[in-house]
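Asks: I am attaching a structure below and will ask some questions about it afterwards.
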Amino acid sequence: MVGPVDPLQRNNVARQGNPSHPLMVFAHGFGCDQGMWRLVAPSFAETHHLVLFDHVGAGGADPSAYDVVRHSALDGYADDVIELLEALEAGPAIFVGHSVSAMIAVLAARRRPELFARLVMVGPSARYLDDEGYVGGFSAEAIEELLATMGDNYLGWAAHLAPIIMGAPERPELAAELERSFCQTDPELAKRFARTTFLSDNRADLPHVPTPSLVLQAREDVIASMQVGRYVHDHLPVSEFAVLETTGHCPHLSAPSELIGAMRRYLLSA
Amino acid sequence: MDTQDWTSAPVGLLTLTADGVVLEVNEALLHWTGHCRASVVGTRLPELFSIGGRMYWETHLAPLLHAEGRVDEVAVELVVAAGRLPVLLTAVLSPHGGTEARMHVALSGARERSRYERELLAARSQADHTARQITALHQATAAVSAATLVSEVAEALLSTAAYALGARAATVWLTGDDGELHPHHSDQPPLPAPPGSDAEAVLISLLGRDRVQGVLRFVPASRTELLDHDVLTSIGRQAGVALDRAHLYERSTSVAHELAHSLLAGSAPKDDRFVVAAAYRPAVADLAVGGDWHDTFLLGADAVALVVGDVVGRGLSAAIAMGQLRSATRAVAAPGRGPAVVLAELDRFVEQVEAAAVATVAYGELDLEAGQLTYACAGHLPPLLLPVSAPPRFLWEGRSTPLGSTASHGRVEASVDLAPGDRVLLYTDGLVERRCSDIDDRMGRLLTVARRERDQPLADAVRTITDEMLHGVTAPDDACALLLAWQGPHPASRAGAG
């Protein structure tokens, strides 16, 4: 790459709300892109300066910014986040991270605590793989099979994004453009991101995060179980824990109003 | 559709809550999976999938269903009694929101489609593989073809190894004159050697026309990405032929060097009335000698001829032409002829010798008794006069066009009287020409250096001048300088004259 990188362009930054209000940044997890926050973010537009972005390799982020070395570890994504927050020059952020983005925020906040006012972690997991004395929810075999499935570029993954984006015949009011952009991932990069995500282990980083945090846990989540969420809460120096009465890994889609309520309560209690 | 139709439909059908929990399931699905109704109802649909499908549901499909209300024909695998069953999933979220929302799911068998997709994938991966092989071969060939010297071919192989061959570490061994293999020591930082990699190393012999010119040894970054055997062999052959060519080139340039040195090695004539010293620096940029020469010889009893010339061209042919022109100059020079006539004779000579067709010459004759220097320059830089008791100056007269140039309008000469101890410097353009520098600045520099060295012993002076003028010049051209000092007439003739 030549010349300085503009993190705002690289990460396809979109802004909402009032720039004079406190900064709130939304980071999507493995899978889709910033569109995941569309049921949650607008509720904070009155009170906050909202910034949404796509991780490199996802959504509308600059594909040429993907660096096989830098983005082979969550630290590289944390670098991206730090550069992004620096470029925003909008004061410390309330950083809302879903799934793996919660751990990316942990790494970034450990290194640059002054950039973060609060962390909101939705469905975080410090380690997906089971370990001695630790239940991550996935056996080594299961993760291997998952990665192999993606490695085959076969069933269930990228080869089948095409039929998905053919769209919803019953909802013609959705612009074709929007349908095409949501959840569209480069299969190769999705595979690499999955490897980076599911093989990561950030348990040792948790005790070093000084930022006050809120851990939001879905009642039932096969990717990040209650036990896993509790572990994160227990090992963060300053954190609160709230359970959302919903099932699945995406409470911001399945139970947006509950999630918004929990965030509001937490931010007001500060 | 009544319930009877629903349960016996030839596709798997389910009704789920918005969260994905199964409320109803039909016979076909139970039949496929081997589960009983009670064990399926109440669980979440993704739990029936293999882990890939499960994760895909959680990270992609559920968000999509919430965003767009449906997904169409997504391939997932059901875990069934007999292993895995590929199916296509279509799901629609009923438009009523809230907890009453329902998801309707149809799963249809996809064995044929999945087989077809596997074949497509295999074909694509084969095509990718072939493209990668061709690209690697092309990159390696282009790199070694562009290299001139043996060491450059080795460097090209090493740098190509990293990106075209996907090597983690690489070394090149070259066959030496002794027929043994010797490691090539790269000036580039080596690729870091991975630990314990010897067993994985790949050796490619660099096969020239008549012998193995060397060996490329590398450790592939991954076994699966390793290039095909015939592609590696072909890269080895390309490099071998490139090494053949590089060896030939280096031999021919070294012959040219030896020739140039031997031609210039002759000893200068001895006479009490003058001292002469010369310096010759061959070009080092690409080992190609140019056609610079210098010469000093006696003309009868009381004159000495001094010559510096430059045949345009490089390599063996330029060296040979230089030798011929040097001999020709000696042959046509004779007492009483004078520089203009000598140059005119040389014009005739170069008409016959194609390789010497374009040459420049500075030619002078010094009357050893009277101290008169008669000189002529055919397209050559002016001699530099270094008088004992006056500032140095360039001799800008007696100029005409280069030898062999068609625009020649006759040769002219000029003369200047020397005092005992005066010196004169003849030199070729390699001494003063320098890329990115103004020639006037460089000649000014020569004037300064020569003046400073004015009183040094002759051999020291000419060496110092040459060294200083070439100092810091990257890839200098041939350069040659001839410095002569007139010591004055014979004591006997001095006495006679007095």
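Asks: Output the direction-averaged projected area (hull surface divided by four) of the convex hull of the alpha-carbon atoms of chain B, in nm².
Replies: Dividing the Cα hull surface by four gives the mean projection, 40.6 nm².
Asks: If one takes the longest principal axis of the Cα atoms in chain B, at what angle in degrees, from 0 to 90 and to the nearest 10, does the Cα axis of helix B:315-332 lie?
Replies: For B:315-332 against chain B, the angle is about 10 degrees.
Asks: Could you please rank B:211, B:111, placing first whichever residue has the fewest other Cβ atoms within 10 Å of its Cβ?
Replies: B:111, B:211
Asks: What is the Cα radius of gyration of the stretch A:1-85 over 2.2 N^0.38 Å, N being its residue count?
Replies: It is 1.11.
Asks: Ok, one more. Where does helix B:458-470 land angle-wise versus the long Cα axis of chain B, in degrees 0 to 90, nearest 10?
Replies: Approximately 30 degrees, to the nearest 10.
Asks: I've got another one for you. Can you give me the orientation-averaged projected area of the convex hull built on the Cα atoms of the stretch B:307-434, in nm²?
Replies: 8.2 nm²
Asks: Just counting partner chain Cβ atoms within 10 Å, what average do the residues of peptide B:68-79 show around their Cβ?
Replies: 5
Asks: Same structure, new question: Provide a whole-number value for the mean count of partner chain Cβ atoms within 10 Å of the Cβ atoms in peptide B:45-57.
Replies: Taking the mean over all residues of the peptide, I get 6.
Asks: Would you grab the residues whose amide H sits under 5 Å from the one on residue B:169? Only those 5+ places off in sequence or on another chain, please, with H modelled 1.01 Å from N.
Replies: Placed amide hydrogens put B:219 under 5 Å from residue B:169.
Asks: Continuing with the same structure: Suppose we take every Cα in the stretch B:227-371 and form the convex hull; what volume per residue is that in Å³?
Replies: Given the Cα convex hull of the stretch B:227-371, per-residue volume reads 114 Å³.
Asks: Next question. Any idea what angle helix B:150-163 forms with the longest principal axis of chain B, computed on alpha-carbon atoms, 0 to 90 degrees, nearest 10?
Replies: Helix B:150-163 and the main axis of chain B meet at about 20 degrees.
Asks: How high is the FRET efficiency from residue B:397 to residue B:464, r the C-beta distance, R0 30 Å, rounded to 0.05?
Replies: That gives a FRET efficiency of 0.60.
Asks: Let me ask you something else. Give me the orientation-averaged projected area of the Cα convex hull of the stretch B:1-83, in nm², one decimal.
Replies: Its average projected convex-hull area is 5.7 nm².
Asks: Separate question: Is it possible to state the helix-based mean residue ellipticity at 222 nm for chain B, with each DSSP H run of 4+ residues giving -39500 (n - 2.57), the sum divided by total residues, to the nearest 500 deg cm²/dmol? What is it?
Replies: -12000 deg cm²/dmol
Asks: By count of other Cβ within 10 Å, fewest leading, how are B:473, A:56 ordered?
Replies: Starting with the residue having the fewest Cβ neighbours, the order is B:473, A:56.
Asks: Can you give the mean number of other chain Cβ atoms that lie within 10 Å of the Cβ atoms in peptide B:13-19?
Replies: That works out to 2 on average.
Asks: Along the stretch A:254-268, what does the Karplus equation 6.51 cos²θ - 1.76 cosθ + 1.60 (θ = phi - 60°) give for ³J(HN,Hα), rounded to whole Hz, x for Gly and Pro?
Replies: Values, residue by residue: 7, 9, x, 5, 5, 5, 4, x, 4, 5, 4, 4, 5, 5, 6 Hz.
Asks: State log₁₀ I(q)/I(0) for the stretch B:54-130 at q = 0.12, 0.20, 0.22, 0.24 Å⁻¹ as given by the Debye formula over alpha-carbon point scatterers of equal weight, solvent excluded.
Replies: -0.46, -0.94, -1.03, -1.10
Asks: For the stretch A:1-108, what is the percent of antiparallel DSSP beta bridges, rounded to the nearest 5?
Replies: Here the antiparallel bridges make up roughly 30 percent for the stretch A:1-108.
Asks: Sequence gap at least 6, Cα distance under 8 Å: using those rules, report the relative contact order of the stretch B:315-433 to the nearest whole percent.
Replies: RCO, the stretch B:315-433: 25 percent.
Asks: Put one equal scatterer on each alpha carbon of the stretch B:365-434, apply the Debye formula with no solvent term, and list log10 I(q)/I(0) at q = 0.15, 0.17 1/Å to two decimals.
Replies: Summing over Cα pairs of the stretch B:365-434 leads to -0.55, -0.68.
Asks: Each residue of the stretch B:34-40 in order: what ³J(HN,Hα) in whole Hz does its phi give by Karplus 6.51 cos²θ - 1.76 cosθ + 1.60, θ = phi - 60°, with x for Gly and Pro?
Replies: Values per residue, Gly and Pro as x: x, 8, 8, 3, 5, 7, 8 Hz.
Asks: How high is the relative contact order of chain B, given as a whole-number percent (alpha carbon pairs under 8 Å, six or more residues apart)?
Replies: It rounds to 10 percent for chain B.
Asks: Right, next: Among B:56, A:266, B:116, A:231, which comes first, second and so on when ranked by fewest other beta-carbon atoms within 10 Å?
Replies: Ascending number of Cβ neighbours within 10 Å: B:116, A:266, A:231, B:56.
Asks: Calculate the translational D of the protein assembly as shown in whole µm² s⁻¹ from Stokes-Einstein, where the hydrodynamic radius comes from the Kirkwood formula applied to all Cα pairs, the temperature is 25 °C and the viscosity 0.890 mPa s.
Replies: 73 µm²/s
Asks: May I pose another question? Among the DSSP beta bridges whose two residues both lie in the protein assembly as shown, what percent are antiparallel, rounded to the nearest 5?
Replies: Beta bridges within the protein assembly as shown, antiparallel portion: roughly 75 percent.
Asks: Okay, moving on. For the stretch B:374-379, in order, what is each residue's ³J(HN,Hα) by Karplus, 6.51 cos²θ - 1.76 cosθ + 1.60 with θ = phi - 60°, in whole Hz (x at glycine and Pro)?
Replies: For the stretch B:374-379, the Karplus curve yields 9, 9, 8, 10, 9, x Hz.
Asks: Follow-up. What's log10 of I(q)/I(0) for the stretch A:1-160 at q = 0.20 Å⁻¹, Debye sum over Cα points only, no solvent?
Replies: Values, matching the q order: -1.35.
Any read-out appearing in this document is the output of simple, stated calculations on the displayed coordinates, not a laboratory observation. Note that the structure is predicted; figures quoted are calculated from it, not measured. When we count neighbours, we look across all protein chains shown, and the Cβ atoms used for this are built from the backbone with ideal geometry, even at glycine.
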